[in-house]
Amino acid sequence: MKLATLKDATRDGQLIVVSRDLTRFAHAGKVARTLQAALDTWAQTAPKLSLIGERLEAGLEPSQPFEPRLVHSPLPRAYQWADGSAYVNHVELVRKARNAEMPRSFWTDPLMYQGGSDSFLAPRDPILAADDAYGIDMEGEIAVIVDDVPMGATSEQAYDAIRLVMLVNDVSLRGLIPDELAKGFGFFQSKPSSAFSPVAVTPDELGDSWKDGKIHLPLLVSLNGIAFGRANAGKDMTFDFGQLISHAARTRALAAGSIIGSGTVSNKLDSGPGKPIAEGGNGYSCIAEIRMIETIEQGGPTTPYLHFGDTVRIEMNDGRGASIFGAIEQTVQRFVSEERQ
């Protein structure tokens, strides 16, 4: 089952069911007006939504053409957005570039931060920034939406609570991060709104690619139409989603509709840092990673962060080459406040 949220005059939009080939959609308002409403009573709504999906595939449900530009992120806002860092290779590179030793606990205890969830970007919305000197970066990730998770849930219990899977562009302002972290109180201004894929899918839609709490498929990231990354999301993922969710629920229950992210998808190459696609590697899911490698190997970075006018695309295809979630495609634009317009 593939679900999306059609934009309307409200903050939370209208829940729709999307065909597997992402060409058609059917309204789901007779089951639940919003995706959050469906998640709140998932045991009752999921079978009804699945039936709409089956009728849509069979051509029996009234439908309309699906247009990614007309949808929000599946959840336009959420009760919680917690992003992990499951690909420890990425963390290791960042710390190595600044000559900082990585604590051994990073391999056994996930990193996680609580992001802003009151307003997500739609998958085709621009990335707005007041200044591209902020060090604007994309971060291609995987995320899951969970049902209610009790405090202290085991990894197995947490895994069983996964209801939907989607892609993420977790935008980062790299130039603002050092000063924020130096305060010892975590990210805030350096982590603006994230964007999620046009559709969220139930794990069964991923077939054999979904196993062990991971998606074993390449995450395709391009910059200005040129392939930038194709890291396999199931490889080098130190913590699976069951472990990440369990970590988030250690001291608190998670409400239905909470989103848990994987962190930047990152692959090693022959036990060392990854390489660009042009050099036979899987490339990168964020610019910071190639800059860290340039710093380690050359003494300083040469690849620039995003500038106004740059366009990022994040997508994942199945074994037949068909898009699973639709594409996040965003152009960086200058933010102009209303006072200056």
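The values are calculated or read from the model by the stated rules, or taken from the named source; none is laboratory data. Every value quoted in this text rests on a predicted model; they were computed, and no experiment measured them. Here the Cβ positions follow ideal geometry from the backbone for every residue, glycine too, while neighbour counts run over all protein chains shown. All accessible areas refer to the heavy atoms of the entire protein, side chains included, with ligands and DNA or RNA removed. Shrake-Rupley method; radii C 1.70, N 1.55, O 1.52, S 1.80 Å.
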Note: the stretch 110-183 at 37 °C, 0.692 mPa s; Kirkwood Rh on alpha carbon pairs; Stokes-Einstein D in µm²/s works out to 217
Using a probe of 1.4 angstrom, how much of the accessible area of the chain is carbon and sulfur, in percent?
49
With viscosity set to 1.306 mPa s at 10 °C, what whole-number translational diffusion coefficient in µm²/s follows for the stretch 163-218 from Stokes-Einstein and a Kirkwood radius over Cα pairs?
116
Any idea what the alpha-carbon Rg over 2.2 N^0.38 Å comes to for the stretch 171-288?
1.21
For residue 154, what accessible area in Å² do you get when you roll a 1.4 Å probe over the heavy atoms of the protein chains, rounding to the nearest 10?
60
Give a quick list of trypsin sites (Lys or Arg not before Pro) in the stretch 115-188 that DSSP marks as loop, anything other than H, G, I, E or B, with at most 12 other Cβ atoms within 10 Å.
183
Over the alpha-carbon set of the stretch 28-148, work out the extent along each principal axis and list the three values in angstrom, largest first.
61, 37, 26
Against the rule of thumb 2.2 N^0.38 Å, how large the Cα Rg of the stretch 229-325 comes out:
1.32
Using alpha carbons only, how many angstrom separate the centre of the stretch 78-137 from the centre of the stretch 242-267?
14
Here the membrane-span-like helices of the chain, with no claim about any membrane, defined by DSSP H, Cα axial extent at least 20 Å and mean Kyte-Doolittle at least -0.5, are 42-57
Rank 95, 252 by accessible area, highest first, at a 1.4 Å probe radius?
252, 95
per DSSP, antiparallel bridges as share of beta bridges in the chain, % nearest 5, sits at 90
Tell me which chymotrypsin sites (Phe, Trp or Tyr not before Pro) from the stretch 71-100 have a DSSP coil assignment and no more than 15 other beta carbons within 10 Å of their own.
79
Farthest towards the positive end of the dipole of the chain, among 89, 332, 35 and with Cβ unit charges of +1 on Lys and Arg and -1 on Asp and Glu, lies the Cα of 35
Give the value in nm², to one decimal: projected area of the alpha carbon convex hull of the stretch 96-245, averaged over all directions.
10.8
Gyration tensor (alpha-carbon) shape descriptor, the stretch 1-61, a/c threshold 1.5:
oblate
Taking a 1.4 Å probe, which of 289, 54 shows the most accessible area, and what order do the others take after it?
54, 289
Whether the stretch 292-334 is rounded, prolate or oblate, judged on the alpha carbon gyration tensor where a/c under 1.5 counts as rounded:
oblate
When the solvent-accessible surface of protein heavy atoms is calculated with a 1.4 angstrom probe, in what order do 247, 307 fall, highest first?
307, 247
For the chain: span of alpha carbons on each principal axis (Å, largest first)
61, 50, 41
Computed about the Cα centre, the charge dipole of the chain from +1 Lys/Arg and -1 Asp/Glu charges at the Cβ has a magnitude in debye, to the nearest 20, of 260
What accessible area per residue, rounded to a whole number of Å², is obtained for the stretch 204-270 using a probe radius of 1.4 Å?
39
